[in-house]
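Notes follow the structure.
Since every read-out is calculated from the coordinates, none of them should be taken as a lab result. Since the structure is predicted, the reported quantities are computational estimates derived from the model, not experimental observations. No Cβ is skipped: glycine too gets one built from the backbone with ideal geometry, and neighbour counts run over all protein chains shown.
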Amino acid sequence: MTQSETLFERAQKTIPGGVNSPVRAFKSVGGTPRFIASASGAWLTDADGKRYVDYVGSWGPMILGHQFPAVQQAIVEQAAIGTSYGAPTEAEIEMAELLCARVPGLQMVRMCNSGTEATMSALRLARGATGRDYILKFEGCYHGHGDALLVKAGSGLLTFGVPTSPGVPADLAKYTLTATYNDLSSAEALFKQYSHQIAAVIVEPVAGNMNCVPPAPGFLQGLRSLCDADGSLLIFDEVMTGFRVGPSCATGLYGVRADLVTLGKIIGGGLPVGAFGGSRAVMSQLAPLGPIYQAGTLSGNPLAMAAGLAILKALAEPGLYERLEASTAQLLAGLQKAADEAGIAFTTTQVGSMFGLYFGQGPITGFADVSACDAQRFKRFFHLMLDRGVYLAPSAFEAGFVSAAHGPEELAQTIEAARASFAILAQ
Ligand code: PLP
């Protein structure tokens, strides 16, 4: 038995499914999750001492690689003077100032502790600010596990939302309307039916929870116009894309301004964090300035602020995002070539250092295209790559991430592993 197998067996006795977040359990790919002992740069080392090139990056935060020196140092220095005070600190101001300076349209920010908290709070704020109850999301987009967001479309576009998890009251889920990503007309139809009742549209500006689906030209702009015409707020959920797809997030990359932006992952430098922000007018309605309540014992905690500020400062290095994008393009070109040579139907998507791998033909424009790909093939590919020291996300519905620590050696090893894996798949 491997150490990971022993640990997994032990974990399952006291932790539901042996994991603290479901996708870690390898359920959709089968097999035993690798228990990680340490990580450095682009590499993970598991409990058995096996090393892997890591394309999960803690599900996004590790854009500069594991144990990035400035982040490590900031955490150690802060830990030496206290980890949480429950009172304001200067670092929180610095974080808010930095986020407002970098994300177009942000005038005020509130920190919280996870992406889930950020989206839940942004929705409450949108509902409170507009006095409306309905929200509109897109099938295949994930915004954390808040009740109102664990909803997908029922049969047909114009149905009420149905909960995707027991425990979400149908009475609440009915306020969540679901449209089709990259299909403006589906959102338009809902705006017609629920005219002046939709508080907010929430969208991942690049969908990263149904693999990696870029927005079609005009889609985000179209949502902006629909919201403007109806008096709804537009929320960009940038928990994944924030500081991943570019130095001013997807908001800057696509040149479309949302009313509220949610952030997480990267801005905590690997520590638990979330944030949401927007215009002064909207954000001023939050307690203690306004009546809409939102709070947190550990919100803006000094350790997360120290790590987050360190990573955000390092991300300002000129040319860094261009290098990340170029390495990702090089990786994807290598994988595509290897698949083509093996005669495997395969396609990829990329936005900056976020990428998607698909066993099927493109173009990939939404949930239906992603679902139509060969999940069984992905499952085999995942394990073949894992055996060869490459750690991909254990699901065909997750985006992959390249970090600045992925150099020529790591990329070459990955492409080589893929060549061998595709050859086996083609047999
Ligand atoms: N929003 C998006 C776009 C996400 O990708 C995620 C997590 O993956 C969340 C929200 C939830 O964030 P967290 O897991 O920190 O609660």
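Structural remarks
- Between the residues Leu312, Ala333, His383, the greatest Cα displacement towards the positive end of the dipole of the chain, with unit charges on the Cβ of Lys, Arg, Asp and Glu, is found for His383.
- In a reduced charge model with +1 at each Lys and Arg Cβ and -1 at each Asp and Glu Cβ, the chain shows a dipole moment near 500 debye about its Cα centre.
- Shape call, region 1-160: gyration tensor on alpha carbons, a/c limit 1.5: oblate
- Least to most buried among Asp183, Asp171, Asp48 (fewest other Cβ within 10 Å first): Asp171, Asp48, Asp183
- Label positions at Lys313 and Gln3, each projected 7 Å from the Cα along the C-beta direction, are separated by 3.5 nm.
- Net lengthening on full extension, Ala80/Gln413 (0.36 nm per residue, minus Cα-Cα): 116.0 nm
- Inter-probe distance in nm under a simple model that places probes 7 Å from Cα toward Cβ, at Ala426 and Ser284: 6.4
- Over region 69-314, Cα pairs under 8 Å with separation of 6+ residues give a relative contact order of 29 percent.
- Ranked by how many other Cβ atoms sit within 10 Å of their own Cβ, fewest first, the residues Thr176, Thr365 fall in the order Thr365, Thr176.
- Anchor Lys27: lysines whose Cα lies under 27 Å away (excluding residues fewer than 8 positions away in-chain): Lys13, Lys50, Lys137, Lys152, Lys265, Lys379
- Here the contact order of the chain, divided by its residue count and restricted to Cα pairs under 8 Å and six or more residues apart, works out to 21 percent.
- Expressed to the nearest 5 percent, the antiparallel share of DSSP beta bridges inside the chain is 60 percent.
- In this rough spin-label picture, where each label sits 7 Å from Cα along the Cβ direction, the Ala295-Lys13 distance is 4.0 nm.
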